[in-house]
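A short reminder: the numbers here are calculations on the coordinates, not readings from a lab. Just so we're clear, the structure is a prediction, and the values are computed from it rather than from any experiment. Here Cβ is always computed from backbone atoms with ideal geometry, including for glycine, and neighbour counts include all displayed protein chains.
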Amino acid sequence: MIYDVCIIGSGAGGSPIAYELSNAGFNVVVLEKGKYYKEEDFSKDELAVSRRDMFTPNLQDEFHIINEYKPSGNFTRYSGKESGWNFWNSSMVGGSSNLMSGYFHRMKPNDFQLRSSYGEIQGANVVDWPISYEDLEPYYDKVERVVGVSGRVVEHKYQEPRSSKEFPYKMLEVNGVTEWFDKACEEMDYVSIPTPRAVLSEDALGRKGCYYSNFCGSYGCSSGAKGGARAALLQRCKAEVISEAFVYRLESDATKVTKAYYYDKAKKSHTIEAKIFVLSAQAIESVRLLFNSKNTHFPNGLANSSGELGNNLIFSAGGSGSGRFVFEKLTQKQQKELMQVGLFFNRSLQEWYDYDDGCRNYKGGTIDFLFEHQNIISRVNRELYDEEGNLLWGQALAERLHKRLTTSRVLTFEVFNDWLPTDNCNVRVDEKTKDKWGVPVGMINLNSHPHDLEVGKHLAIKAAELLKKMGAIKVEYSISSAPPPNLVAGGCRFGEDATKSVLDKNCKAHDLKNLYVSDASFMPTGGSVPYTWTIYANSFRIAQKILATLKT
Amino acid sequence: MVQNKRRNFLIAGFVTSVVVVMNSGRIFSQVTPDTTLSILQYDLFPQAKEMDVNLAAYFTLIQRHSRIDEDEKKYLKNGIKWINEEAVEVHEALYHELPESKRQELLQSISQKEWGESYLYTLLTYIMEATFSDPIYGVNPKRSGQQWLAFENGLPYPKEAYL
């Protein structure tokens, strides 16, 4: 059997294409390495999900080699198998979108023209995108309606142009402490933005609305309210999904991909033939598969005649911070509001999406505010030391735990700014190191640009000032060059010039007539927002291009 | 069935197997991890006993967990040996033979050493896991830890333990 389309990876990059093309009547198969979990399979078991990582591969079986570069150019090599450092997010049908928090921000028009708008930065490989915000806007809008985004549009100086006046779903309910936040923003002349969420606030689209479980990010959604790729798209279309299918090689001739080879869970090899192949296994694994698919026509890796495959890996730069609200400083009403669980915080600031320090204009970013994750084991483990750094046990520990967790609560913030692409941040494969399948593992070279830290710190200081204004104590932040594994992009840059990019502007490989890459690896720069909405939107855009090809 | 029996024997082996305690290069004594842990775990967090949290069962569970690597399991066992060797060096007695005041003194002293702080921290993290685990794991049947901190678990609860 020859399928019309074979999609490798079932997350936010692959599922919109599966949804659109199968609903258009084409024969689509999706190959997914992970298991097929559905709503009824998910629970809020912290031990399983957060402490034992049940949704990511066992690192003794599957891992990465990580080379961490220092400013000197030297690097330290880590094996994920021994160090535990890994870049897995979620291995299951629907991918990591099952476990996302769903903080949905669109990229801004300037994000598509970073080089033109902000100029060259020495040591960074910044380029403009080959498409504009206007090209992607209809698909951002489509995601709001098809995947489901709830929120409320407020006017602010960086509000991007919208074709729909409002979000299709009303805001989720929020905790009373958001009023303290809004008041502090007003006093500081900031615009408090209700964070748009890919979470349905009511029953819609054949799914249940949010039931405010208090455990959203990192956990699968038991109602289907969260707009993960499986719940929102794969379960709403006729695409055939083959789970526990690890694609280890793509076969090609000089112009076309001809077959995908995959192992089932018993390590039995199978092949799939299709007219069009779409790769969407997340940036690192997509690049790895292309390198591992090298052949006589493409000796340096499939679709790699440019030599750009794997280059310019990016993450979301920034960091996080927090402040604690304690009962001693609050009225009884405020204490009650503070401890109200289940409801979201859902507030963001984009006041400094760009800013001027008097010398030059900087691209800034987004700050999301949220309560400390409710995971109780993680929270008590953070209390095992006293203020002087002494380990606690016995009665002293019990007293600290009880006071901290029953009479105070931590509000946190996350900073998102551009991770500038550099020469030493890329993906390769380590030919000598193989996983349980006997396949060379991905090798991740990590390097960050000092500019990223400078911008992140600027934003964190602003967020910290706001927390203090709200009355928080112990306000602190950490901006670092540590890459967040769940916010990874690049490695298969798209562009007009086939000698400098892997994909064309429609995310089709320059080198091959029938290979598309639709996860975040196409992104030359990442914007200063979480990526998922943009991945979804771009995948809907690619679906239209593929649809046009299939119809001709 | 035979395989299960064999497996259960191996699992039980952690708590009942013997740790050789050395002193000045000579064998001082032998002790099972269970003998030490049964006292040490409640020295670190006596509230677990009041809450009816079965820490010993949790340490057994950890030993059979597919997601806890062998090095970690060995580390848990080795730490028992180190603590007893420290007890022998200071008091010429095994940890469980010491009165409570001496055990607390010893823990205080050990926590000032790099290996000791690291090991006690590790034990405490597993104790916290047990204290706030879902009843499906069989060690915190009444959600006592959660009640103590007025903590509301998210729903739904797990239908099976992930091991």
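Restricting attention to the range A:86-214, lysine pairs at least eight places apart or on different chains and with alpha-carbon atoms under 29 angstrom apart total 16. Among the trypsin sites (Lys or Arg not before Pro) in the range A:399-450, those located in a DSSP loop and surrounded by at most 14 other Cβ atoms within 10 Å of their own Cβ are A:436.
Based on Cα atoms of the range A:298-442, Rg over Rh with Rh as the Kirkwood radius reads 1.15.
Assuming a ≥ b ≥ c are the square roots of the Cα gyration tensor eigenvalues, decide whether the range B:35-107 counts as rounded (a/c under 1.5), prolate (otherwise, with a/b larger than b/c) or oblate. Note, shape of the range B:35-107 comes out oblate. Evaluated over the range A:415-500, the count of Lys pairs having alpha-carbon atoms less than 28 Å apart is 4 (only pairs 8 or more residues apart or interchain). An oblate overall shape is assigned to the range A:24-80, the ratio a/c of its alpha-carbon gyration tensor axes (a ≥ b ≥ c) being 1.5 or greater and a/b not exceeding b/c. Here the Karplus curve 6.51 cos²θ - 1.76 cosθ + 1.60, taken at θ = phi - 60°, turns the phi angles of the range A:34-44 into couplings of x, 7, 9, 8, 10, 3, 5, 8, 8, 9, 9 Hz, with x standing for Gly and Pro. Taking amide hydrogens as placed 1.01 Å from N in the peptide plane, the amide H of residue A:169 sits under 5 Å from those of A:149, A:151, each at least 5 positions away in sequence or on another chain. Between residue B:52 and residue A:548, the modelled labels are 6.8 nm apart [label points 7 Å from Cα along Cα→Cβ]. Panel order for A:88, B:82, by other beta carbons found within 10 Å of each beta carbon, from fewest to most: B:82, A:88. FRET efficiency for the pair residue A:187 and residue B:64, taken as 1/(1 + (r/R0)^6) with r the Cβ-Cβ distance and R0 = 56 Å, rounds to 0.50.
With R₀ fixed at 25 Å, the C-beta to C-beta distance from residue A:155 to residue A:327 puts the FRET efficiency at about 0.10. The slack in the chain from residue A:118 to residue A:269, taken as 0.36 nm per residue of separation less the alpha-carbon distance, amounts to 49.4 nm. Both the radius of gyration and Dmax for the range A:102-234 are 17.3, 50 Å, in that order, over alpha-carbon atoms.
Spacing of the modelled spin labels on residue A:406 and residue A:131, each 7 Å from Cα toward Cβ, amounts to 5.5 nm. With R₀ set to 45 Å, the beta-carbon distance separating residue A:24 from residue A:498 gives a calculated FRET efficiency near 0.95.
With a 10 Å cut-off around each Cβ of B:144-152, the average count of Cβ atoms from other chains is 4.
Normalising the Debye intensity of the range A:227-327 to I(0), with uniform scatterers on Cα atoms only, and taking log10 at q = 0.12, 0.15, 0.20, 0.22 Å⁻¹ returns -0.57, -0.78, -1.14, -1.24.
Convert 37 °C to kelvin, take the viscosity as 0.692 mPa s, use the Kirkwood radius over C-alpha pairs of the range B:2-144 as Rh, and evaluate the Stokes-Einstein diffusion coefficient in µm²/s, rounded to a whole number.
The calculation lands on 208 µm²/s.
Given 37 °C and 0.692 mPa s, how large is the Stokes-Einstein diffusion coefficient of the range A:447-552 in µm²/s, with Rh as the Kirkwood radius over Cα pairs?
Details: Rh = 16.5 Å.
D, rounded to a whole number, is 198 µm²/s.
For chain B, the membrane-span-like helix rule (DSSP H, alpha carbon extent of at least 20 Å along the helix axis, mean Kyte-Doolittle at least -1.0) picks out B:2-16, B:114-131; this says nothing about an actual membrane.
Scattering from the protein assembly as shown was approximated by placing one identical point on each alpha carbon and applying the Debye formula without solvent; log10 I(q)/I(0) at 0.05, 0.06, 0.10 1/Å stands at -0.26, -0.38, -1.04. Pick out which of B:44, B:149, B:106 has the largest mean-square fluctuation in a Gaussian network model of chain B, springs linking Cα atoms closer than 10 Å. Its mean-square fluctuation being the largest, the pick is B:149.
Model label points for residue A:83 and residue A:296, set 7 angstrom from Cα along the Cα-to-Cβ axis, are 4.0 nm apart. Taking 16 Å as the straight-line reach from the Cα of residue B:77, the aspartates and glutamates in range (excluding those fewer than 8 positions away in the same chain) are B:34, B:69, B:85, B:86, B:117.
The order of the peptides A:154-160, A:526-532, A:298-304 by mean Cβ neighbours within 10 Å, most packed first, is A:526-532, A:298-304, A:154-160.
In the calculated pair distance distribution of the range A:239-292, what percentage of Cα-Cα distances lie above 14 Å?
Numbers: 804 of 1431 pairs.
Result for the distance tail: 56 percent.
Extension gain, residue A:361-residue A:253: 0.36 nm per intervening residue step, less the Cα-Cα distance, totals 34.1 nm.
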